[in-house]
Amino acid sequence: MRLSGAVFWNYLRDLISLQQDESSELLIFRNVDKVQAAGSELELSTQFANGLAGNISYSYTAAKDQRSRQLLVNSPQHLGKLSVTVPLLSRRLFASGDAQYESSRKTLQGTRRVRMLCSMSPCSAGPLTNDSISQPVSITCLIAHISLLVRET
C-alpha cells in the first residue's frame, strides 16, 4: 500500500487573456493576466498478491485571478479518481474500470457545469510473455466510456 500527497502554490503571470483592442474594438489575445493557484493532492494505491489492484486520488485546487480575486473560468476545484483492476484468468486477463469526477466550474456564459467520466475495460490482457518475445506485451481494449455533463444555471 502506498500513500502520497502534495501541497502546492503556483503564481503565473502573463497568462493569455481575450481582451478588446481600444483602437479597433476587435477582440485580441494578450499576455496580461496574473493567476495564483494553490491546492493539495492525495493518492492511495494498493496491489494484492492475487493481482487485485486499486487506486483512489483526490485533488483540490483554487485558481484565482489576482485582479478580481474570482475563481478562473473552466477551472474545477475538486477532482477525484477511482480505479480498480481485477484478475480473471491466472493473472493473464484482467477486468479494469475507473471513474473520474470534476466539480462544477464557471463557464464563459456564467453558468456552471459538472462532469463525470466512467470507463470499463474488461478485456485487458497482460503481461504476456513468450520465449520468442523479449519484452512483456500488454493489450487493452476499451469497451465502454460514459461521460455525464450536467449544466446548472
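Values computed for the structure shown
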item: In region 1-60, the residues that are exposed (fewer than 14 other Cβ atoms within 10 Å of the Cβ), more than 16 Å from L72 (Cβ to Cβ), modelled with pLDDT of 90 or more and not hydrophobic (A, V, I, L, M, F, W, C); result: R2, S4, G5, S40, T46, Q47
item: Of all residues making up region 52-86, the number that are of a type in the set (S, T, Y), in contact with a Lys or Arg (Cβ under 7 Å, 6 or more places away or on another chain) and under 17 Å from K106 (Cα atoms); result: 1
item: Checklist (1) on the phi > 0 side of the Ramachandran plot; (2) among the basic types (K, R); (3) modelled with pLDDT of 90 or more applied to R91, failing item; result: (3)
item: Test: residue in region 7-20 that is without any contact (Cβ under 8 Å) to a residue 40 or more places away in the chain and in a loop (DSSP other than H, G, I, E, B); result: no
item: Near pairs, Cβ below 8 angstrom, 6+ apart or cross-chain, from region 62-73 (under 20 Å from S40 (Cβ atoms) and without any contact (Cβ under 8 Å) to a residue 40 or more places away in the chain) to any residue that is of a type in the set (A, V, I, L, M) and in a loop (DSSP other than H, G, I, E, B); result: A63/L72; K64/L72
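The values are calculated or read from the model by the stated rules, or taken from the named source; none is laboratory data. These figures come from a predicted structure and were not determined experimentally. Counting neighbours? That spans all protein chains shown, and the Cβs are built from the backbone with ideal geometry, glycine included.
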